[in-house]
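The values are calculated or read from the model by the stated rules, or taken from the named source; none is laboratory data. No experiment lies behind these values; they were computed from the predicted model shown. Virtual Cβ from ideal backbone geometry, glycine too; neighbours counted across all protein chains shown.
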Amino acid sequence: MESDGTSVQASSGSTGGKLNRRALLRLAGFGTGALLIGSCRHGTEPSRGAAGARVDASASPTGATREITLEAGLVPIDFGAQRLTSWGYNGTLPGPEIRLKQGDRLRATVRNRLPAETTIHWHGLPIPNSMDGVPNVTQPAIKAGEDFTYDFTVPVSGSYLYHSHAGLQLDRALYGALIVEPRQEPLSYDREFTLVIDDWLDGLPGTPEETMRQLVAQGDTMAGMGDMGAMGSMAAPPESPPDVVYPRYLINGRPAETPLELTVKQGERVRLRLINPSGATIYRIALAGHRLQVTHADGQPVEPVEVDVVRLGMGERYDVLVTMNRSGVWQLAAAAEGTSQLARAVVRYQGSVGAPPPPDAVPGELRGQLLLYPMLKAAPTLQAPPPTQPEQVFPVKLAGGGGQYVWTINDAVFASADPIAVPRGRHIRFTIQNMSMMPHPMHLHGHFFQLVNGTGRGPLKDTVVVEPMQSLSLDWVADNPGRWAFHCHNLYHQDAGMMRVVNVG
Ligand code: C2O
Ligand code: CU
């Protein structure tokens, strides 16, 4: 396998993790990921999780420690036509890809050289609360000039991301891919690429903070412009106008004029890890001339399903396999939903010498079959759902945008809301009702949830897009104690109040 990523050079030591195996089992939630490595069981019996879900014992630490340093500081950015300076990690856009193995211990030292406080959140990983990186919820923010070391054993495999969780910093370059390989890869493929798809406005010429002020000043004039469309479960979701039309859309930091070229060979199977760290953009992604076999949603395996288009909300990830059987030079487009803009990369078969498609070439496949949540089922290797019924149901009402740029959960903004108290060990259902005209990619920290999607075996995810005026349910086992953020991953909605603390205690 080859990887295009600029991986962090991680030193491997054999210090052994601080977490013992029992702690790791608890972190492994209801067995997610752990089951991919059945061939290296250690002969221990599976234990029983809180809601009766079986937890596989094979997700033990590897004993390897990966030490990395992420220096948060100024980053020079060159889009060709534009040069600017933003904030990022280790001088690059995006930050370096971190790649390790399930069970490795990660020791990541953040050196804060920004003129502001910061933290790093390890999006999607169910790790101990104190390492989760939410300022004033799980840790005091790292002050300018100070360092902080995150130290945890990586409990699951899959495609994740890390990003700043302070203020509007995610809408700068303070993000990167976090790839966790299983001990033994069950998929067979020849090559893989990580594609991090981002919307960009910092320095062109505004800032995220100015954008927030404008949104508040104009008071959500977009409200009511959404296309209601049909809300049947198998209907394509509407393309809502976004809060912000960004001046740039990037793949791995590259604008459409100077795209990344992915070189492949005829006959290969290629894995694409699609990751959306955007501030406020949902993408529809297709590769001209090819279909996409979806193998993972938010890092966790699903029953493979073949489509033309995947739709990626902020904070979501899909892994797809593509069979490279049509020589040529092809557009891989990520259309920014509700706009006519796109981010793109180019897939070039080795030996194909054609010119790349024009930057704005829209693959016909984008009008093809779209992956919808009801098409996703957790892989049979995952022991989900927990065999019990939810013990406690929490209604979650999402609202806002009625003329004011204020976004609420159960009628309260984060600053004035009490935490949602969830008893530890319970099987919880969140019934989310979106009473607004905007889609909200809702993200729960510290746990995977199972999307209730009518299949009886909905996918395990950590982020789900709730459409305008739609309701859906999430089931999860509250087995990771602590104060966990639950919020809309639209950065501007989050900042305008759409966040809560879920206190598992
Ligand atoms: Cu990726 Cu609380 O966020
Ligand atoms: Cu939102």
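Each residue in region 441-473 was checked for being under 18 Å from Arg311 (Cβ atoms) and within 16 Å of ligand 2 (Cβ to nearest atom), and 13 pass. For Leu74, state whether it is surrounded by fewer than 19 Cβ atoms within 10 Å (Cβ to Cβ) and more than 16 Å from ligand 1 (Cβ to nearest atom). Judged against the criteria, Leu74 is a match.
Among the residues of region 406-423, how many are more than 16 Å from ligand 2 (Cβ to nearest atom) and either of a type outside the set (A, V, I, L, M) or in contact with a strand residue (DSSP E or B) (Cβ under 9 Å, 6 or more places away or on another chain) (or both)?
Filtering region 406-423 for residues more than 16 Å from ligand 2 (Cβ to nearest atom) gives 415-416, 418-423.
Okay, now just the ones that are also either of a type outside the set (A, V, I, L, M) or in contact with a strand residue (DSSP E or B) (Cβ under 9 Å, 6 or more places away or on another chain) (or both), so 416, 418-423.
Number satisfying all stated conditions: 7.
When Asn410, Asn453, Asn490, Asn503 are checked against the criterion of being touching a Leu at 6+ places or on another chain (Cβ under 7 Å) and either under 17 Å from Ser240 (Cβ atoms) or more than 14 Å from ligand 1 (Cβ to nearest atom) (or both), Asn453 stands alone in meeting it.
Taking into account only those residues within region 263-283 that are surrounded by 23 or more Cβ atoms within 10 Å (Cβ to Cβ) and in a strand (DSSP E or B), which is nearest to ligand 2 (Cβ to nearest atom)? By that ranking, first place goes to Tyr283. The number of residues in region 486-505 being among the hydrophobic types (A, V, I, L, M, F, W, C), within 14 Å of ligand 2 (Cβ to nearest atom) and in contact with a strand residue (DSSP E or B) (Cβ under 6 Å, 6 or more places away or on another chain) comes to 5.
For region 131-162, filtering for residues that are more than 16 Å from ligand 1 (Cβ to nearest atom), in contact with an Asp or Glu (Cβ under 6 Å, 6 or more places away or on another chain) and more than 25 Å from Asp479 (Cα to Cα) leaves 1.
Based on this model, can you work out whether Ile68 counts as surrounded by 19 or more Cβ atoms within 10 Å (Cβ to Cβ), within 16 Å of ligand 1 (Cβ to nearest atom), β-branched (Val, Ile, Thr) and in a strand (DSSP E or B)? Outline the logic, then answer.
Working: surrounded by 19 or more Cβ atoms within 10 Å (Cβ to Cβ): yes; within 16 Å of ligand 1 (Cβ to nearest atom): no; β-branched (Val, Ile, Thr): yes; in a strand (DSSP E or B): yes.
Against the criterion (surrounded by 19 or more Cβ atoms within 10 Å (Cβ to Cβ), within 16 Å of ligand 1 (Cβ to nearest atom), β-branched (Val, Ile, Thr) and in a strand (DSSP E or B)), Ile68 does not qualify.
Which ranges mark the strands (runs of 3 or more DSSP E) fully within region 424-502 that have 2 or more residues being within 29 Å of Trp200 (Cβ to Cβ)?
Numbers: elements: 427-434, 440-444, 449-452, 463-466, 471-477, 482-488.
Because the criterion is at least 2 residues that are within 29 Å of Trp200 (Cβ to Cβ), the strands (runs of 3 or more DSSP E) in region 424-502 that meet it are 440-444, 463-466, 482-488.
Just one of Pro419, Pro395 is over 29 Å from Pro380 (Cα atoms) and away from ligand 1 (no atom under 16 Å from the Cβ); which is it?
Details: Pro419 fails: away from ligand 1 (no atom under 16 Å from the Cβ).
Exactly one of Pro419, Pro395 is over 29 Å from Pro380 (Cα atoms) and away from ligand 1 (no atom under 16 Å from the Cβ), namely Pro395.
Have a look at Gly446, Gly403 and point out the one that is in contact with a Gly (Cβ under 9 Å, 6 or more places away or on another chain) and within 16 Å of ligand 1 (Cβ to nearest atom).
Numbers: Gly403 fails: within 16 Å of ligand 1 (Cβ to nearest atom).
Selected residue: Gly446, the only one of Gly446, Gly403 that is in contact with a Gly (Cβ under 9 Å, 6 or more places away or on another chain) and within 16 Å of ligand 1 (Cβ to nearest atom).
Under the condition of being at pLDDT below 90 and either surrounded by fewer than 22 Cβ atoms within 10 Å (Cβ to Cβ) or among the acidic types (Asp, Glu) (or both), which residue from region 387-412 is farthest from Gly456 (Cα to Cα)? Of everything passing the filter in region 387-412, Gly403 is farthest from Gly456 (Cα to Cα).
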